[in-house]
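Please read the structure below before turning to the comments.
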Amino acid sequence: MLKLLHIASGAPHGEIWTGVFRDALAKVGDVTIIENGAALDEAKRLALIQGSEVLLLGWGSAPMPAAIVREPGALRYICNITGEMKQWVTPEIVDSGLPVTNWGDALAPAVAEGAMALLLAVLKDLHQQVQFIRNDGWCLNKTVTGGSLEGLNVGVYGCGAIGRYFIELIRPFRPVLRVFDPYAAEVPAGCERVSSLEALFSASEAIVIHAGLNPETRHSVTAELLSRLPRHGVVINTARGAIIDQDALFAELASGRLRAGLDVLDPDALPAGHPARSWENCILTAHQVNRNWPSDGNPPTRLDAMHRVCLDNVRRYAAGEPLRFVIDPIAYRRQT
């Protein structure tokens, strides 16, 4: 039977290692989960990995020993259940040719849906309307609030799995779509591809960010780019907070010139009392816009998308079929 191994630094991460996921894995292989792996010496961790065919990684994993590159033993496949992996997978491991996968497009529907929710909410000024009514007002001044997706010039920064899913969601509302992504081989039909961020921001009334964070994209949304958006322009970010020069964006929001829906910040939380918490032209969702249906604290009864991708790839490996979402050295180095 296929031997599967996970070594957790401490306790196995609760969001990954749910009962329903463990049960599903047990149907495709013999699963061993090691707790408190960080307390094991490197030689012991190496021996455990060498004795297994598939290594399962994710949040809370113990780092992989460097020697696994030279001495993989029985190890033939590394399945990273989550997206990020640089804390436990080194560049040398990826460069070695040992296949490494991650969750691929597992989050694309939920994050794209969250971006759509934020765009609509900001465009309709729902945050401001709710506050206005709670303070005994009724109708907002429609000359300085509102907007429609129909005919709206929407700039999409990043056209990977999430960006493409977002485009499919927004397309029926008939906006004018422009895309900037120097890494994408092509953009979806009906979208105009632009050659620079300057061109994207100059032509857009709303910007939706789906780019990955890397040295090239960090703080790439500058004060100068933001100044190209029109008054009441909209910025939506469900990607990474550090893609935007946050001080510059906050200055625009504090002045009231722009509107924003931000699921991510840099750093990822605001201190108590920060003025952005009360801005009527800014919706903050605390990096949780892709949350699942409420569980009321009960154990999950169904698999998450990341679980389904992992199980599909493990089954593919067992059957000798091509793996999905294999991370090549270039993609690895672009990751956050």
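The values are calculated or read from the model by the stated rules, or taken from the named source; none is laboratory data. Because the structure is predicted, anything quoted here is derived from the model rather than measured. Because the Cβ atoms are built from the backbone with ideal geometry, glycine has one as well, and the counts that use them run over all protein chains shown.
Here is how the numbers come out for the structure above:
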item: LEU149, sole failed condition from (1) closer than 29 Å to GLU15 by Cα; (2) at pLDDT 95 or above; (3) under 25 Å from the mean Cα position of the chain (by Cα); result: (1)
item: Criterion violated by VAL94 - all others in (1) at pLDDT below 95; (2) crowded, with 20+ Cβ neighbours inside 10 Å; (3) part of a loop (DSSP other than H, G, I, E, B) satisfied; result: (3)
item: Matching residues, region 259-283, being in contact (Cβ under 8 Å) with a residue 12 or more places away in the chain and either surrounded by fewer than 20 Cβ atoms within 10 Å (Cβ to Cβ) or assigned to a helix (DSSP H, G or I) (or both); result: ASP266, PRO267, ASP268, ALA269, LEU270, PRO275, ALA276, TRP279, GLU280
item: Failed item, numbered, when ALA38 is tested on (1) out of contact with any Ser or Thr (no Cβ under 9 Å at 6 or more places or on another chain); (2) of a type in the set (A, V, I, L, M); (3) loosely packed, with under 15 Cβ neighbours inside 10 Å; (4) modelled with pLDDT under 95; result: (1)
item: Only listed residue being in the same structural domain as VAL154 (by TED's automatic domain parsing), crowded, with 20+ Cβ neighbours inside 10 Å and closer than 24 Å to TRP279 by Cα, chosen from THR217, THR238; result: THR238
item: Test: residue in region 113-133 that is at pLDDT below 95, among the polar types (S, T, N, Q), assigned by TED's automatic domain parsing to the domain that holds TRP279 and surrounded by fewer than 18 Cβ atoms within 10 Å (Cβ to Cβ); result: yes
item: Residue identified as farther than 28 Å from LEU213 by Cβ and touching a helix residue (DSSP H, G or I) at 6+ places or on another chain (Cβ under 9 Å) among GLY83, GLY29; result: GLY29
item: Residue in region 288-309 that is of a type outside the set (A, V, I, L, M, F, W, C), surrounded by fewer than 16 Cβ atoms within 10 Å (Cβ to Cβ) and assigned to a helix (DSSP H, G or I) present; result: yes
item: Selection status of VAL234, under 22 Å from VAL154 (Cβ atoms) and either modelled with pLDDT under 95 or touching a Pro at 6+ places or on another chain (Cβ under 7 Å) (or both); result: no
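Conditions tested, residue by residue: (1) touching a residue at least 12 places away in the same chain (Cβ under 8 Å); (2) under 16 Å from ASN313 (Cα atoms); (3) not in a helix (DSSP H, G or I).
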position	(1), (2), (3)
ILE7	yes, no, yes
GLU15	yes, no, yes
LEU25	yes, yes, no
ILE33	yes, no, yes
ALA38	yes, no, no
ILE49	yes, no, no
